[in-house]
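Asks: Below are the structure tokens for one structure; questions will follow.
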Amino acid sequence: MKVAVFSTKPYDRRFLEAANQDKTHQLHFFEVQMNEDTAILASDYPAICVFVNDNLDRPTIAKLAAGGTKLIALRCAGFNNVDLKAAKELGLTVVRVPAYSPYAVTEYTIALILTLNRKIHRAYNRVREGNFAIDGLVGFDLNCKTVGIIGTGKIGFLVAEALMKGFGCKILAYDPYPNPDLAAMGAKYVDLDELARRSDIITLHCPLTPETHYIINEKLISEMKKGVMLVNTGRGKLIDTKAVIEGLKSKKIGYIALDVYEQEANFFFEDFSNEIIADDVLQRLVTFPNAIVTSHQAFFTETALNNISETTLGNITDFETGKDCPNQIAIE
Ligand code: NAD
């Protein structure tokens, strides 16, 4: 099948071409993001392949439909960037990669917690500058700390398990669909307010939906323990970033690690090191010594990239051959 691949980086090309060695599909790579202005590039392509920051809103999907596109193949798990209702109405099928490596995101989440707590990002810089002092780098033992996990699906479960079994943490969990296996391991499901009140660390692993938009907001932050650590490897809009900045300034929030950011589509995955970054919120955020921001790289392992490529091409083959695709997003 002829596939237009958007937001292509060298690594996307490498892994997709490796998975397409037998040339089952004709892959055409575009570096630009998919949006209303670039949708025209997909004319006459029956399938497009997109990533987390491509914008598949109704006007974009209408242009894709007019150009003959029938399939949107997401090479990611989250689908908050696709107007599913519009896709259905305009006759487009949407497929995704629901699980390419929950371990990749889990391990990255733990790395962020450890880095923030033990201030490894600061120690690294100090030593490179010949500063071997450790004053100001004191951390805390994770053992026996209470960690609140919001969203206990594939990734949230593994994060909880790693923290419980690996570090002896206590786990509080919030999820409208509690996981009995996690409860059996000793995690306690509570409501969101109790999780906020009792947790030393709070980490987000729920999808971005209308219900979870700004789930971390000024009110919830006000209920948290002073000095709480927040970690977000979910989606940027789970957090009201301006409220977080106020929380950091007042010291209510003691640490924050963000691998996702609400305006990330304007910056992430691109090099702006020679530019003026016109986003005061992002720029303020990176000035805090107790904040770590990375550009959506929690998924970024060889294993995950292999799985993403193979599943995406399999999804496209299923669509082309009329087979039921287990990764098709059911649209009500
Ligand atoms: P999953 O579908 O297995 O789990 C999501 C869990 O969230 C489910 O248990 C669900 O019941 C729960 N949930 C739904 N609504 C909720 C709500 N209102 N409050 C609390 N919990 C709620 O998904 P997953 O594979 O564990 O991934 C979780 C999220 O991580 C994805 O949606 C995606 O946005 C994000 N993600 C980020 C990266 C990255 O590179 N940073 C990579 C993969 C996934």
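The values are calculated or read from the model by the stated rules, or taken from the named source; none is laboratory data. This is a predicted model, so every value here is computed, not measured. As a convention, Cβ positions derive from the backbone with ideal geometry for all residues, glycine included, and neighbour counts pool all protein chains shown. Just the protein is used for accessible areas: all its heavy atoms, side chains included, with ligands, DNA and RNA removed. Shrake-Rupley method; radii C 1.70, N 1.55, O 1.52, S 1.80 Å.
Asks: If one takes the longest principal axis of the Cα atoms in the chain, at what angle in degrees, from 0 to 90 and to the nearest 10, does the Cα axis of helix 302-321 lie?
Replies: Relative to the chain, helix 302-321 is tipped by roughly 30 degrees.
Asks: If one computes the Cα centroid of region 88-155 and of region 220-288, what distance in Å separates the two points?
Replies: 14
Asks: Additional query: Show 97, 127 ordered by accessible area, largest first, where the area counts protein heavy atoms only and the probe is 1.4 Å.
Replies: Correct descending sequence by accessible area is 127, 97.
Asks: Give me the net charge of residue 89's neighbourhood, meaning all other residues with Cβ under 15 Å from the Cβ of residue 89; Lys, Arg count +1, Asp, Glu -1.
Replies: +2
Asks: Please give the solvent-accessible surface of residue 30 in Å², to the nearest 10, using a probe radius of 1.4 Å with every protein chain present.
Replies: It works out to around 40 Å².
Asks: Here's a follow-up. Can you sort 135, 200, 259 by 1.4 Å-probe accessible area, starting with the largest?
Replies: If we order 135, 200, 259 from most to least accessible, we get 135, 200, 259.
Asks: Assigning unit charges at the beta carbon (Lys, Arg +1; Asp, Glu -1) and nothing else, what dipole magnitude in debye, to the nearest 20, does region 194-261 show about its Cα centre?
Replies: 240
Asks: While we're here: Not counting ligands, DNA or RNA, and with a 1.4 Å probe, what is residue 319's accessible surface area in Å² rounded to the nearest 10?
Replies: My reading of the accessible area for residue 319 is about 60 Å².
Asks: Work out Dmax and Rg for the chain from the C-alpha atoms and quote the Rg first, both in angstrom.
Replies: Rg, Dmax (Cα atoms, Å): 21.0, 64.
Asks: Next up: Please report the base-10 log of the normalised intensity I(q)/I(0) for region 1-101, using a Debye sum with one equal scatterer per alpha carbon and no solvent, at each q in 0.11 (1/Å).
Replies: Per q value, in the given order, log10 I(q)/I(0) is -0.28.
Asks: Also, I was wondering about something else. Rounded to the nearest 10 Å², what accessible area does residue 235 have for a 1.4 Å probe in the complete protein model?
Replies: Accessible area of residue 235: about 40 Å².
Asks: If you add up the charges near residue 233, with Lys and Arg at +1 and Asp and Glu at -1, over every other residue whose beta carbon is less than 15 angstrom from its beta carbon, what do you get? Don't jump to the answer; show the numbers that get you there.
Replies: Details: positive: 154, 235, 237; negative: 107, 259, 262, 264.
Result for the neighbourhood of residue 233: -1.
Asks: Using a 1.4 Å probe and counting only protein heavy atoms, arrange 185, 164 so the residue with the most accessible area comes first.
Replies: Reading off the accessible areas and sorting them downward yields 185, 164.
Asks: ³J(HN,Hα) across region 61-76 via Karplus (A = 6.51, B = -1.76, C = 1.60, θ = phi - 60°), whole Hz, x for Gly/Pro?
Replies: With the stated coefficients, region 61-76 comes to 5, 4, 5, 4, 4, 5, x, x, 6, 10, 10, 10, 9, 7, 9, 8 Hz.
Asks: When we measure straight from the Cα of residue 154, which lysines land under 25 angstrom away, once same-chain ones fewer than 8 places off are left out?
Replies: Result set, ordered by chain and number: 145, 165, 170, 188, 237.
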